[in-house]
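One structure below.
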Amino acid sequence: MKKILAVLLCAMMLLSCTAALAEKVGVAMPTKDLQRWNQDGANMEAMLKEAGYEVDLQYANNDVNTQLTQVQTMVDNDCDVIVIAAIEGSSLGSALESAKAKNIPVIAYDRLLMDSDAVSYYATFDNYKVGTVQGEFVRDALDLDNAEGPFNIEFTAGDPGDNNAGFFFNGAMDVLKPYIESGKLVVPSGQTEFEQVATPTWKTDVAQARAEDILASNYADGTELDAWLCSNDSTALGVTNALEANYVGKWPIITGQDCDIQNTKNMIAGKQAMSVFKDTRTLAAQVVKMVGQILKGEEVEVNDTETYNNNVIVVPSFLCAPVFANADNYQELLVDSGYYTADQLAD
Ligand code: BGC
């Protein structure tokens, strides 16, 4: 009996030791307001747990100070690796410094962490490519190389505090600018600079308010709009709402990114022409792989060591591939792959 008890005791001690030894990964996400971050967080948590890590997943309600406190707490609690999707790329400096002082590796998730040398790696989608996919779609849909035109277009970009936003906008503009310069594309609002077309915090209602102003000032006289280049789905939704309520002309081409549920429904309904699918499962899997490689002291897989300069260092990055999505391929991309159920996309 004594022997059995002793064996049991040993087994229990061993178990609690293993549990205590589980490495801890902090995951800081920006907000639950936008669908994609819920998916990112859920995927990361599930995959990290599956790989045997303890996970501290936090959302910061898009509040920079909340995120700063959350990351600092992850450092204070001795997380072994911290993964951060920043609300504002350059606002986490002090917490990043303390992570560095404790030798805690930090991975920037989807959005680059700026102005700091305390960032070990960056995993994202090819952000510039997202923009070129959107720009090329508009170019081809309007057949800008052959059609006579001119065509009217407006632009809506993302949050100036998010390093990705400039990459998306520049990618699209690099494709479309020559047509603006040649006069084939006309921007009736005259707003073509990133600062003019940006949407602080990427909010739908902010994008909607600006779109309403533009429609009132430039299209109320019956001027037709051919395309509205939106950098992502939350802003595309604002533009779509504004058009539905304030514009009666021919329905324009609207671009987006993320394949959010409402936007996918809008694609099926013919209101949004395309989106860019960034499978959050792919990104999460890549980051979990990175975490494992870091903690095992292995070489960390990256595929870009040039593009992402955060003003202090060039951060070694892994860029996943974004995929064009529209009403023709959403079934295969989003439903057959298990990303959404058919029910989620039904009205
Ligand atoms: C992400 C986009 C997203 C946007 C708003 C960007 O950093 O890359 O996928 O639409 O933030 O949340």
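The values are calculated or read from the model by the stated rules, or taken from the named source; none is laboratory data. The structure presented is a predicted model; accordingly, all values stated were derived computationally and were not measured. Neighbour counts are summed over all protein chains in view; Cβ atoms, including those assigned to glycine, are modelled from backbone coordinates with ideal geometry. These accessible areas exclude ligands, DNA and RNA; they are computed on the full protein's heavy atoms, side chains included. Shrake-Rupley method; radii C 1.70, N 1.55, O 1.52, S 1.80 Å.
Out of all the residues in the range 231-262, which are assigned to a helix (DSSP H, G or I), over 23 Å from F194 (Cα atoms) and within 16 Å of the ligand (Cβ to nearest atom)?
From the range 231-262, those assigned to a helix (DSSP H, G or I) are 233-246, 261-262; that's our starting set.
Filter once more, keeping what is over 23 Å from F194 (Cα atoms): 244-246, 261-262.
Of everything in the range 231-262, those that are assigned to a helix (DSSP H, G or I), over 23 Å from F194 (Cα atoms) and within 16 Å of the ligand (Cβ to nearest atom) turn out to be I261, Q262.
What number goes with the only condition from (1) touching a Gly at 6+ places or on another chain (Cβ under 6 Å); (2) open to solvent by 10 Å² or more (accessible area, probe 1.4 Å); (3) more than 16 Å from the ligand (Cβ to nearest atom) that N103 does not pass?
All conditions pass for N103, except number (1).
Does any residue in the range 138-155 that is among the aliphatic types (A, V, I, L, M) come within less than 8 Å, Cβ to Cβ, of a residue that is at pLDDT below 95 and surrounded by 21 or more Cβ atoms within 10 Å (Cβ to Cβ) six or more places away or on a different chain, and which pairs are these?
Correct list of pairs: empty, since none qualify.
Could you please give the count of residues in the range 195-230 that are under 15 Å from the mean Cα position of the chain (by Cα) and under 23 Å from P150 (Cβ atoms)?
Residues that pass the stated criteria total 1.
Of everything in the range 263-301, what is farther than 29 Å from L21 by Cα and of a type in the set (S, T, N, Q)? Give them in sequence order. If you could, list the steps in order and put the result at the bottom.
Filtering the range 263-301 for residues farther than 29 Å from L21 by Cα gives 263-279.
Selection gives N263, T264, N266, Q272, S275.
Identify the residue in the range 59-99 that is on the phi > 0 side of the Ramachandran plot and within 15 Å of the ligand (Cβ to nearest atom) and, among all such residues, is surrounded by the fewest Cβ atoms within 10 Å (Cβ to Cβ). Before the answer, list the steps.
First, pick out the residues of the range 59-99 that are on the phi > 0 side of the Ramachandran plot: 61-62, 78.
Next, only the ones that are within 15 Å of the ligand (Cβ to nearest atom) stay: 61-62.
On the way: N61: 11, N62: 19.
By that ranking, first place goes to N61.
I'm trying to understand the selection: among the residues of the range 151-165, which are near the ligand (Cβ under 8 Å from one of its atoms), over 11 Å from the mean Cα position of the chain (by Cα) and closer than 14 Å to T132 by Cα?
None - no residue of the range 151-165 is near the ligand (Cβ under 8 Å from one of its atoms), over 11 Å from the mean Cα position of the chain (by Cα) and closer than 14 Å to T132 by Cα, so the list stays empty.
Do the conditions hold for E212, that is, is it loosely packed, with under 13 Cβ neighbours inside 10 Å, away from the ligand (no atom under 16 Å from the Cβ) and either hydroxyl-bearing (S, T, Y) or not assigned by TED's automatic domain parsing to the domain that holds A86 (or both)?
Details: loosely packed, with under 13 Cβ neighbours inside 10 Å: no; away from the ligand (no atom under 16 Å from the Cβ): yes; either hydroxyl-bearing (S, T, Y) or not assigned by TED's automatic domain parsing to the domain that holds A86 (or both): yes.
No; evaluated as a whole, the condition is false for this residue.
Any residue in the range 13-40 that's modelled with pLDDT of 90 or more: show its pairings with residues that are within 11 Å of the ligand (Cβ to nearest atom) and basic (K, R) at Cβ separation under 9 Å, as long as the two are six or more apart or on different chains.
P30/R111; D33/K203; R36/K278
Taking the range 285-311 as the region of interest, how many residues are in a loop (DSSP other than H, G, I, E, B), within 16 Å of P105 (Cβ to Cβ) and in contact (Cβ under 8 Å) with a residue 24 or more places away in the chain? Outline the logic, then answer.
First pass over the range 285-311, keeping only residues in a loop (DSSP other than H, G, I, E, B): 296-303, 305-308, 310-311.
Narrowing further to those that are within 16 Å of P105 (Cβ to Cβ): 296-302, 310.
The next check asks that each one be in contact (Cβ under 8 Å) with a residue 24 or more places away in the chain; those that pass are 300, 302, 310.
Total meeting the criteria: 3.
Could you check, for the range 48-58, whether at least one of its residues is assigned by TED's automatic domain parsing to the domain that holds L112, modelled with pLDDT under 95 and out of contact with any strand residue (DSSP E or B) (no Cβ under 6 Å at 6 or more places or on another chain)? Lay out the reasoning, then the answer.
Initially, the range 48-58 is screened for residues assigned by TED's automatic domain parsing to the domain that holds L112, giving 48-58.
If we keep only those that are modelled with pLDDT under 95 as well, we get none.
Within the range 48-58, not a single residue is assigned by TED's automatic domain parsing to the domain that holds L112, modelled with pLDDT under 95 and out of contact with any strand residue (DSSP E or B) (no Cβ under 6 Å at 6 or more places or on another chain).
Being buried (at least 20 other Cβ atoms within 10 Å of the Cβ) and within 16 Å of the ligand (Cβ to nearest atom): is that true of M290 here?
Numbers: buried (at least 20 other Cβ atoms within 10 Å of the Cβ): yes; within 16 Å of the ligand (Cβ to nearest atom): no.
No.
Residue by residue through the range 30-58, note down the ones that are outside any loop (DSSP other than H, G, I, E, B), within 16 Å of the ligand (Cβ to nearest atom) and either more than 28 Å from L237 (Cα to Cα) or open to solvent by 30 Å² or more (accessible area, probe 1.4 Å) (or both).
Quick first cut of the range 30-58, residues outside any loop (DSSP other than H, G, I, E, B) only: 35-50, 54-58.
After this cut, where a residue has to be within 16 Å of the ligand (Cβ to nearest atom) as well, the list is 35-44.
Residues satisfying the conditions are Q35, N38, Q39, A42, N43.
Can you name the residue in the range 263-284 that is within 16 Å of the ligand (Cβ to nearest atom) and without any contact (Cβ under 8 Å) to a residue 40 or more places away in the chain and is also surrounded by the fewest Cβ atoms within 10 Å (Cβ to Cβ) among such residues? Before you say what the answer is, go through the steps one by one.
Our first condition is that a residue be within 16 Å of the ligand (Cβ to nearest atom); within the range 263-284, this holds for 263-264, 266-267, 272, 274-284.
Next cut, without any contact (Cβ under 8 Å) to a residue 40 or more places away in the chain only: 263, 266, 272, 282.
Values: N263: 26, N266: 21, Q272: 26, T282: 16.
For the range 263-284, the residue satisfying everything is T282.
Of all the residues that make up the range 179-223, how many are hydrophobic (A, V, I, L, M, F, W, C), outside any helix (DSSP H, G or I) and farther than 20 Å from K250 by Cβ?
The number of residues fulfilling the criteria is 1.
Can you tell me which residue in the range 294-323 is surrounded by the most Cβ atoms within 10 Å (Cβ to Cβ), limited to those that are more than 15 Å from T282 (Cβ to Cβ) and hydrophobic (A, V, I, L, M, F, W, C)? Quick ask: steps written out before the conclusion?
First pass over the range 294-323, keeping only residues more than 15 Å from T282 (Cβ to Cβ): 294-300, 302, 304-316.
Those left that are additionally hydrophobic (A, V, I, L, M, F, W, C): 294-295, 300, 302, 312-315.
On the way: I294: 18, L295: 15, V300: 19, V302: 15, V312: 13, I313: 14, V314: 13, V315: 24.
The residue in question is V315.
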